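The values are calculated or read from the model by the stated rules, or taken from the named source; none is laboratory data. Predicted, not measured: the structure shown is a model, and the values here were computed from it. FYI the Cβ positions are ideal-geometry reconstructions off the backbone, even for glycines, and counts take in every protein chain you see. Remember, those area values only see protein heavy atoms, side chains included, never the ligands or the DNA or RNA. Shrake-Rupley method; radii C 1.70, N 1.55, O 1.52, S 1.80 Å.
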Amino acid sequence: ILSGILIVAASLKIGLFLTDAISFNSDEAIVALMAKHILEGGRPVFFYGQAYMGSLDAYLGAFSFWLLGETVWAIRIVQLLLYLGTIVTTVWVGRVVFNSDSIGLIAGGLLAIPTVNVTLYTTASLGGYGEALLIGNLILLVGWQLKLLLQREFHDENIRPNHLLWFVYGGLVGLGLWANGLTLIYSIPSVLILIYSFRRQFNKKHLVKISIGLTGFFLGSLAWWVYAFQFGLNSLIFELLGSAVSVETGSFL
């Protein structure tokens with residue numbers, strides 16, 4: 001069933017590309033230009049002119065350019081693979097969180113033919129949205145596994161803590177913060193669930209886990225912090241909160 005879902009999803013994306021249903025617009029051209037600059041030795045940290053989307057998308061595009069040549073097709077192959085990864089991890093989320101293959105497969109089936117906006121942002125390369133969805137799912141999966149481990153440790157103190165998993169979790173949260181601030185909708189609730197899981201019994205062992213997780217976080221988001229050190233936190237925080245895309249003219253009310 002999952003193979004069929006992936007074939008449908010891939011066929012839709014390839015069909016949209018072959019029929020020129022989604023044009024090569026200026027945002028995608030900037031990602032392609034960044035990828036070209038990376039191959040020429042450039043090392044951009046953020047999407048040009050916008051400090052809330054990291055350049056991970058452009059680095060993946062640069063690798064695709066190096067492998068397949070500098071074409072729009074090469075850029076969109078990256079988005080196709082990312083979205084297939086998002087579908088697979090969504091099915092996995094359904095399986096581990098709800099203990100149900102059918103729930104995950106239903107979710108994956110719905111993602112195979114998504115809404116128009118999701119289709120656009122996961123077909124054209126627009127600055128890290130495909131990466132955000134995949135990283136977000138991984139944050140949920142690893143965070144849920146850590147929650148289960150904390151529950152087991154509470155009932156059995158002899159269970160060895162998985163420090164590597166804490167490091168990976170922190171790294172994913174940090175990488176997501178840099179790649180696209182959209183991942184905060186995954187990482188914030190996930191972190192809150194883990195904090196809630198600590199409530200029963202907090203000790204020195206947990207401090208070690210938190211320290212390892214924070215180490216992974218700072219390494220995963222290292223590019224974000226280097227940029228902040230060079231240019232200040234203000235612009236990063238304001239853009240992360242939506243100033244770069246704030247186009248409404250009315251009040252919040």
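So what's Rg/Rh here for the chain, counting alpha carbon atoms and using the Kirkwood radius for Rh?
Values: Rg = 19.7 Å, Rh = 19.7 Å.
A ratio of 1.00.
Taking the square root of 5 times each eigenvalue of the Cα gyration tensor, what semi-axes in Å does the equivalent ellipsoid of region 103-172 have, largest first?
33, 15, 6
Calculate, in nm to one decimal, what ALA29 and SER3 gain on full extension: separation in residues at 0.36 nm each, minus their alpha carbon distance.
6.2 nm
How do PHE17, PHE229 rank by accessible surface area computed with a 1.4 Å probe, from largest to smallest?
Accessible-area ranking of PHE17, PHE229, largest first: PHE229, PHE17.
Put a dot 7 Å past each Cα toward the Cβ at GLN151 and LEU39; how far apart are the dots in nm?
4.9
So for each of 6-13, 38-45 I average, over its residues, the number of other beta carbons within 10 Å; can you give me the resulting order with the highest mean first?
My ranking of the peptides, most packed first, is 6-13, 38-45.
Which of ALA132, ALA124, ALA29 moves the most in a Gaussian network model of the chain with Cα springs under 10 Å?
ALA29
Ignoring ligands, DNA and RNA, what percent of the 1.4 Å accessible area of the chain is carbon and sulfur?
Roughly 69 percent, rounded to a whole number.
Jot down the per residue volume, in cubic angstrom and as a whole number, of the convex hull over the alpha-carbon atoms of region 56-157.
Per-residue hull volume (Cα only) is 114 Å³.
Cross-chain or 8 or more residues apart, Cα under 24 Å: how many lysine pairs in the chain fit that? Count them up, please.
For the chain, qualifying lysine pairs total 4.
Would you mind working out the accessible area per residue for the chain, using a 1.4 Å probe, and quoting it in Å²?
On the way: 13810 Å² over 253 residues.
Per-residue accessible area for the chain comes out at 55 Å².
Would you mind calculating the gained length between GLN230 and ASN99 on full extension (0.36 nm times residue separation, minus the Cα-Cα distance), in nm to one decimal?
Fully extending the segment from GLN230 to ASN99 adds 42.6 nm.
How tilted is helix 222-231 with respect to the longest principal axis of the chain? Cα atoms for both, answer in degrees (0 to 90, nearest 10).
Compared with the principal axis, the helix lies near 70 degrees.
Go through region 91-165 and name the GluC sites (Glu not before Pro) that are in a DSSP coil and have 10 or fewer other Cβ atoms within 10 Å of their Cβ.
Answer by residue number: GLU157.
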